[in-house]
Amino acid sequence: MRLRLTPTETVYYSLFATAANNLVTGAKLLTELLGADVTDRREIADRMRAAEHAADENTHAIYKQLSKSFITPFDREDIYRLAGHLDDVMDCMDAAVDLVVLYSLQDLPVALADQVEVLERMAELTAEAMPRLRSMKNPHEYWIEINRLENQGDKIYRKLLAHLFSGEYEALTVLKLKEVVDQLEAAADAFEHAANSVEQIVLKES
């Protein structure tokens, strides 16, 4: 690994840290949505959309930096891939919130909170991990824990599907709720993909 980094190289670490912090904001908004009255959901969705726009701008800043950087701290392909996975997480969380509002869903399954809790923890871990890209120190605990949480999320997802198709809900409501649940599952998958990208970066640089 390089002993010294130019200012052009170090800007990527700041941008990735910002991307991860945006995901913490998004995950907290998901938690807030679950505890909010139906009448307050639109305002939360508006804040989530603002967070998603901020995340998009940050992702575009990474891509723009790539287009003009002669030197990068690690492979361009890895930078592009990691930025894309982090952006995918926010897109999925935003979609989940938007669908809840657009479909005018009333009572959400209680187990949805378990799914969101996993995402919130994944966001926190990712925000803690991004600053460590600079030194490449002790990343193993991060991606091992992200993988464990993704497996936990898979189990919660399957239980939610079983609950949705248990006959408790009307057919149309099942379809609407499943779209929300699917988006949250996709967010967990994107978190794992981001962690795998970090693992690849570290292995290349070690």
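So here's what we get for this one:
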| read-out | value |
| --- | --- |
| Rounded to whole Å, sorted largest first: equivalent-ellipsoid semi-axes of the chain, Cα gyration tensor | 34, 18, 12 |
| Percent carbon-and-sulfur accessible area, segment 135-190, ignoring ligands, DNA and RNA, probe 1.4 Å | 53 percent |
| Charged-residue dipole, Cβ positions (Lys, Arg, Asp, Glu), the chain about Cα centre, Debye nearest 20 | 820 debye |
| Between segment 77-124 and segment 10-39, the alpha-carbon center distance in angstrom | 10 Å |
| Computed [θ] at 222 nm, deg cm²/dmol, the chain (DSSP H ≥ 4; -39,500 (n - 2.57); rounded to nearest 500) | -28000 deg cm²/dmol |
| Shape category assigned to segment 36-158 from the gyration tensor of Cα positions, a/c cut at 1.5 | oblate |
| Accessible surface of segment 1-93 [probe 1.4 Å, protein heavy atoms]: carbon and sulfur percent | 53 percent |
| Length-normalised contact order of the chain in % [C-alpha pairs under 8 Å, at least 6 apart] | 32 percent |
| Given charges at Cβ of Lys, Arg, Asp, Glu: the chain dipole, positive-most of ALA186, ALA96, SER67 | SER67 |
| At least 27 Å along the helix axis (C-alpha) and Kyte average at least -1.0, DSSP helices within the chain | 7-34, 76-102, 140-164, 171-205 |
| Calculated FRET efficiency for the pair GLU77/GLU57, C-beta based, R₀ 25 Å, to 0.05 | 0.65 |
| Peptide ranges 155-166, 14-25, 88-99 listed from the most packed, as the mean C-beta count within 10 angstrom indicates | 88-99, 14-25, 155-166 |
| Solvent-accessible area per residue for the chain (1.4 angstrom probe, square angstrom) | 50 Å² |
| Calculated FRET efficiency for the pair ARG158/ARG132, C-beta based, R₀ 30 Å, to 0.05 | 0.40 |
| Cα→Cβ-extended label distance, 7 Å offset, between ILE144 and ASP114, nm | 2.5 nm |
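The values are calculated or read from the model by the stated rules, or taken from the named source; none is laboratory data. Treat the numbers as computed from the prediction; the structure is a model and nothing was measured. Glycine gets a Cβ as well: all are built from the backbone with ideal geometry, and neighbour counts include every protein chain shown. The protein model used for the area step is the full one, side chains on, heavy atoms only, and it has no ligands, DNA or RNA in it. Shrake-Rupley method; radii C 1.70, N 1.55, O 1.52, S 1.80 Å.
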